[in-house]
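A quick write-up on the structure given underneath.
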Amino acid sequence: MKIATLALYGFAVVLLAVGLRELLTGFEENRCSMTYMFEYPEYRRVALPRRVARLYPAYGLYLYGEGLYAQETRALKLAGAPVLFLPGNAGSYKQARSLGSVALRKAESMEGGLHFNVFTVDFNEELVALYGGSLLKQTHFLHESIKAILRLYKHLRTPPQSVVVVGHSMGGVVARALYTLPRFNPNLVSLIITQASPHLAPVLSFDPYLLDFYSAVRQRWVNQANKLRNVTVLSIGGGYRDYLVRSGLTSLPCSPKDPNKLSLVATAVPRTWVSTDHLSIVWCKELVLATVRAFFDLIDPETRQFTDNAEARLSVLTHHFIRNPVRMLGDAQDQPVSIVDSPETWSEVNTLRLAYSTPKEGQAKYFLFALSSRRRAYSHFYCRSSDLEMSGWVFGCKHKSGSSCAHAVDLSLGTELLSPYKVLVLTLADLAAVTHLVVSASNLNGKQFTVECEWQRRASQTLTLPVTHVLSSGLTVSEATIPSSGLLHTIRLLHFHQVYQAFRITVASQCKAQKERLPNVYVMTVPWFREDSSTTVGVPSLTEISGMLHTSRSDNSSDVLLQLHTAPNCQYRVSVRTSLPRVLGQILRFYGAVVPVYTAVTLLLACGGQLSSILESGVAPMSRAVGKGLQPHKISLTVYILHFLLSCSWFQEIWSLFHLPVIDVLPSTTPDLTFNQDAAPPETWRHIVSPLLYVFGAAVAYWGSALLRVAIRLFSLTLAPLHRPSVSRDCGTLRPRTQLLFVLGLAVIGGTSCSALAMFTVFLLHLYRVLRLQMTERSLSHMLNLAPQKHKEAGNGTVGRRSEECNGAPLLSECSLQNVRDDLQLHLCLSALFTLPLVLNAPSLIHWSRNLRYSRQLDPDPCWPHIGPLIIVYMLLINGNTFKLRNSKLLPLASRLPLPLAVAVATFCPLHLYRITYFLLAALAPLALCGLL
């Protein structure tokens with residue numbers, strides 16, 4: 001049985017390690033370019049009113065500057081457009097240097113004197129993603145900072161009326177929380193750009209303040225959606241490199257009918273096309289350049305400040321972050337264009353495909369394609385050019401004069417920018433008023449580039465490829481061969497719409513002749529969320545693409561598309577195979593926060609198993625109890641039954657009658673466009689992933705408890721020389737008077753400073769009790785090995801008896817050794833249980849310690865509701881032993897409580913991790929009373 005247990009948990013921890021490795025390392029290399037400061041950065045502190053400085057002594061407001069600009073703004077006489085950067089969790093205000101430096105360099109290269117004043121807020125690098133008590137304080141300080149910034153421009157003739165806010169991580173959430181303040185004027189901030197900000201939900205819910213803050217922000221933006229319709233918000237996710245905040249959480253919980261709320265992933269941003277980790281999204285040059293370009297286009301030339309026109313803001317952001325065509329949306333599209341040039345610059349193309357490379361010397365060149373002979377046979381016209389200059393290059397000719405076109409319209413607005421070239425696909429059915437298509441290949445500046453165009457039948461160049469089942473583990477493969485040799489092919493990936501699916505998509509290309517060709521570009525398009533990703537490779541090549549999703553499909557929208565921009569006269573084969581490591585990585589990416597819940601479930605069941613063992617035989621082996629903590633038939637089955645019953649209206653009425661909280665489901669994986677906070681994964685998948693998470697949690701509990709035992713043994717060796725050898729099972733216990741003094745002292749500490757500090761102190765006291773038991777067990781073992789044979793024989797007769805029968809045995813006997821071992825196993829299990837609330841409340845302790853110079857008391861304190869009972873329970877359990885438990889009348893009750901409480905943990909804690917402490921306290925309180933009754 002022990003070998004089978006080791007094999008089970010060994011296999012489980014291997015799966016967990018494979019998933020963690022894929023989560024932490026299974027992504028592309030960092031392809032972001034670093035932003036550099038060409039002059040020494042300076043941060044000039046902005047003076048705030050005394051009232052604000054007194055209320056928020058740990059915070060500050062700074063103006064970023066470099067070189068001459070920093071000297072010119074020393075007196076804070078500003079004339080630029082204000083931009084405010086907000087750092088995130090544990091973020092530094094100095095992270096604004098990337099945005100500020102790039103904006104300054106670009107302003108110096110432009111005429112007209114347009115520039116930006118980049119401000120940044122110092123939030124004292126607080127852990128607001130783990131401790132939510134400071135979020136409201138940061139929001140109020142942000143409000144005061146914005147008012148202070150606008151006061152700096154009062155001397156201008158047309159001072160700015162609003163500030164553009166750029167928020168990283170939790171800074172973006174704080175920016176949206178501004179609108180929850182009762183005295184905040186929404187006109188002060190009309191544009192918010194967030195970077196890797198978890199808008200849908202917190203990554204980890206360690207305290208109720210964090211969830212209450214999110215709930216208030218969400219309700220404000222949902223209930224007041226019409227009032228906030230003119231506020232433009234752009235949310236950018238980092239992609240798979242960001243394993244701290246998955247990109248699905250960066251989706252804005254807003255109505256799809258509100259066009260001013262945009263959510264996307266950095267891989268879909270034109271001219272960026274890279275995935276960023278949680279920190280590099282701030283300094284990634286490609287993304288910073290896109291942001292700064294958008295800022296300059298957002299300036300109103302009359303006021304020289306950011307425009308207050310919501311439609312103009314949307315047009316600019318769409319141009320720079322979603323699609324980068326020739327012109328911005330809203331510009332005149334049907335302006336007539338007159339292309340007048342000498343006849344020798346015109347060439348009419350009668351073939352199905354054009355491939356043209358410009359010469360080294362500059363010349364004007366136009367290609368003319370007749371539509372009349374192609375409308376019936378073809379549906380689309382595809383053209384691409386390696387000249388990335390975003391100007392008009394494809395026109396529709398309405399009146400042909402000889403060999404040239406005298407009257408044409410620019411059709412280039414639909415141009416899509418890819419990494420090696422720009423692409424335009426025209427639908428012939430939309431060109432009824434056009435007789436010819438004109439493609440410009442003029443290189444008047446002498447720059448060489450290539451133009452390739454062709455007529456296409458979309459139906460023949462679109463294939464359907466069903467993906468393999470997620471449980472196939474890569475044993476099966478789905479393949480497709482592209483029959484034609486066109487420039488664009490589309491593969492529709494059927495049944496690929498859930499985040500737990502992950503594939504290795506391989507594209508192999510072979511060409512008949514070896515010659516120089518434009519590179520291939522493979523674009524995976526997700527229609528329900530802007531998370532497109534592209535891969536650029538040479539020809540021929542063998543390329544592997546990661547087929548994974550940031551969000552699940554929430555409706556019956558179209559399938560994921562794989563667009564292949566290919567080379568002519570080449571053959572392509574596409575194969576799709578399920579990747580088990582990536583599936584595990586996806587499970588941990590989306591549901592990894594639930595693993596601690598099942599770790600607590602396992603340890604609770606292990607504690608219950610120990611108590612039942614004590615009740616029956618007096619023996620309490622920890623390793624065996626934790627090994628038996630994996631009981632999905634008792635936990636998961638009960639949770640499934642509860643979910644099923646709650647689908648019945650009569651049970652819902654009974655549930656609400658007792659005022660029970662809503663059952664937690666697995667975190668949502670769909671982009672929250674319908675305000676459905678309780679959106680859950682498909683029912684069938686939830687029934688599969690929950691037991692798997694239970695296995696992972698049990699493996700963490702099993703190997704974590706084993707590591708705890710080893711650590712206790714090693715640490716006890718270092719402390720042994722400091723203590724006299726002891727053979728009593730009461731070593732490390734406290735006298736009643738000492739217990740009372742500790743309880744009162746720790747209660748004062750928790751009430752006047754930080755409750756987590758009192759919790760940590762009592763944990764150390766219990767840890768000392770465990771160490772003393774370990775040292776006593778080692779001392780007794782050594783003494784018995786050296787004792788005379790008759791003493792061993794005298795003690796051997798009591799081996800295996802119940803603890804009360806051994807209570808009168810000599811201190812130096814096998815029976816006493818067994819008692820100490822039983823007590824040690826019991827307290828090891830309790831130490832493992834005590835570790836969970838300590839970890840859950842560690843963020844508040846860290847926050848308090850880092851703010852000691854500003855305040856001695858943590859306010860608000862997430863531990864205060866349960867710190868009193870927790871201290872009392874801890875202090876009583878320090879003196880507990882198996883003999884007292886065996887003779888207690890409360891032991892039968894205490895041994896039965898862990899099972900229903902474990903079910904409650906699995907039911908109510910997946911989205912509320914802080915509740916674990918309450919259920920552990922409910923399980924340990926009767927156990928502590930066993931020593932008294």
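Listed values, structure above:
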{"read-out": "Of the criteria (1) under 29 Å from the mean Cα position of the chain (by Cα); (2) open to solvent by 20 Å² or more (accessible area, probe 1.4 Å), which one Leu542 fails", "value": "(1)"}
{"read-out": "Selection from segment 551-577 of residues that are part of a strand (DSSP E or B) and open to solvent by 10 Å² or more (accessible area, probe 1.4 Å)", "value": "Leu561, Gln563, Gln571, Arg573, Ser575, Arg577"}
{"read-out": "Residue within segment 906-915 that is part of a helix (DSSP H, G or I), within 30 Å of Val748 (Cα to Cα) and open to solvent by less than 10 Å² (accessible area, probe 1.4 Å) present", "value": "no"}
{"read-out": "The one condition in (1) in a helix (DSSP H, G or I); (2) in contact (Cβ under 8 Å) with a residue 40 or more places away in the chain; (3) under 36 Å from the mean Cα position of the chain (by Cα) that Pro900 fails to fulfil", "value": "(2)"}
{"read-out": "Selected residue (only one of Thr180, Thr194 is crowded, with 18+ Cβ neighbours inside 10 Å, hydroxyl-bearing (Ser, Thr, Tyr) and in the same structural domain as Gln138 (by the TED database))", "value": "Thr194"}
{"read-out": "Sole residue being open to solvent by 40 Å² or more (accessible area, probe 1.4 Å) and among the hydrophobic types (A, V, I, L, M, F, W, C), chosen from Leu580, Leu465", "value": "Leu580"}
{"read-out": "Index of the failed condition, Pro869 passing every other in (1) within 25 Å of Leu734 (Cα to Cα); (2) open to solvent by 50 Å² or more (accessible area, probe 1.4 Å); (3) assigned to a loop (DSSP other than H, G, I, E, B)", "value": "(3)"}
{"read-out": "Residues located in segment 644-664, provided they are within 29 Å of the chain's Cα centre (by Cα) and open to solvent by less than 40 Å² (accessible area, probe 1.4 Å)", "value": "Ile663, Asp664"}
{"read-out": "Pro202 vs. criteria open to solvent by 10 Å² or more (accessible area, probe 1.4 Å), within 29 Å of Asn841 (Cβ to Cβ) and not aliphatic (A, V, I, L, M)", "value": "yes"}
{"read-out": "Every residue from segment 4-63 that is over 30 Å from Thr272 (Cβ atoms), outside any helix (DSSP H, G or I) and among the charged types (D, E, K, R)", "value": "Arg44, Arg45"}
{"read-out": "Qualifying position, being modelled with pLDDT of 90 or more, among the hydroxyl-bearing types (Ser, Thr, Tyr) and in a helix (DSSP H, G or I), among Tyr640, Tyr598", "value": "Tyr598"}
{"read-out": "Tally, over segment 420-437, of residues that are at pLDDT 90 or above and either of a type in the set (S, T, N, Q) or part of a strand (DSSP E or B) (or both)", "value": "7"}
{"read-out": "Selected residue (only one of Ile872, Ile867 is in the same structural domain as Val639 (by the TED database) and in contact with a Gly (Cβ under 6 Å, 6 or more places away or on another chain))", "value": "Ile867"}
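To keep it simple, each residue is scored yes or no on (1) in contact with a helix residue (DSSP H, G or I) (Cβ under 9 Å, 6 or more places away or on another chain); (2) of a type outside the set (A, V, I, L, M, F, W, C).
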site: Ala107; (1), (2): yes, no
site: Gln138; (1), (2): yes, yes
site: Glu144; (1), (2): yes, yes
site: Thr158; (1), (2): no, yes
site: Val165; (1), (2): yes, no
site: Val174; (1), (2): yes, no
site: Pro182; (1), (2): no, yes
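Residue-wise test of (1) at pLDDT below 90; (2) closer than 19 Å to Ala432 by Cα; (3) surrounded by fewer than 19 Cβ atoms within 10 Å (Cβ to Cβ).
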site	(1), (2), (3)
Leu317	no, no, no
Pro325	yes, no, no
Ser342	yes, no, yes
Leu388	yes, no, yes
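The values are calculated or read from the model by the stated rules, or taken from the named source; none is laboratory data. All figures in this text were calculated on a predicted structure; none of them were measured in a lab. Using ideal geometry, Cβ is built from the backbone for each residue, glycine included, and neighbour counts are taken over all protein chains shown. Areas reflect the complete protein model, heavy atoms only, side chains present, ligands, DNA and RNA absent. Shrake-Rupley method; radii C 1.70, N 1.55, O 1.52, S 1.80 Å.
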